[in-house]
1. Out of (1) closer than 19 Å to Arg8 by Cα; (2) touching a strand residue (DSSP E or B) at 6+ places or on another chain (Cβ under 6 Å), what's the single condition that is false for Phe102?
2. Which of (1) at pLDDT below 95; (2) under 19 Å from Pro120 (Cα atoms); (3) touching a helix residue (DSSP H, G or I) at 6+ places or on another chain (Cβ under 6 Å) is the odd one out, the single condition Leu53 does not satisfy?
3. Within the group Glu108, Glu123, Glu114, which residue is at pLDDT 85 or above, among the charged types (D, E, K, R) and either in contact with a strand residue (DSSP E or B) (Cβ under 9 Å, 6 or more places away or on another chain) or within 18 Å of Val63 (Cβ to Cβ) (or both)?
4. Find all pairs meeting these conditions: Cβ atoms under 7 angstrom apart; at least six residues apart or on different chains; first residue within segment 65-81 and farther than 12 Å from Val23 by Cα; second residue surrounded by 23 or more Cβ atoms within 10 Å (Cβ to Cβ) and not polar (S, T, N, Q).
Amino acid sequence: MEAYSTTRSGTYRERLAAAAGVVLALVLLRLPFRHTVRAVRLARKAGRRELDLARAEVLVSAVRHTARMWPGRAACMETSLGSALAAALLGQRLDWCLGARFAPPPVEYHAWPELPGHGPVGEYTASGWHHYTALTI
């Protein structure tokens, strides 16, 4: 359930927002990070409605499926930012979190989409992975 998803999910509108979110994420991550943060904060203002957990899972899956078509890197940073932007394009809210992911042997930097009050969306949390947030946008 990492960066690439082989299942096509979501409505046409969600898949279109996912494609636009991935493209915007790829462009924003080429800019200095302060510009990316500013753009995500502006996008969060557009997302006023709460997103339920089932729809958030479908949206994140649609973003990961769309990112599969990109020939370059489309890992956690690109897909999590794309998910937050896709939700904003649909007028809904999804947080973009940066931090670390811990399990028994490895510790790694990670980025993930998060639903306020529900935790990480589309992440392995039941198998011993713990997410520690350093920055939430």
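1. In the conditions (1) closer than 19 Å to Arg8 by Cα; (2) touching a strand residue (DSSP E or B) at 6+ places or on another chain (Cβ under 6 Å), Phe102 misses (1) alone.
2. Only one criterion is unmet by Leu53, namely (3).
3. Details: Glu108 fails: at pLDDT 85 or above; Glu123 fails: at pLDDT 85 or above.
From the options Glu108, Glu123, Glu114, the qualifying one is Glu114.
4. Matching pairs, first to second residue: Cys76/Trp112; Ser80/Trp96; Ser80/Trp112; Ser80/Pro113.
The values are calculated or read from the model by the stated rules, or taken from the named source; none is laboratory data. Everything quoted here is computed from the prediction, not taken from an experiment. With ideal geometry, Cβ positions are generated from the backbone for all residues, glycine too; neighbour counts draw on all protein chains shown.
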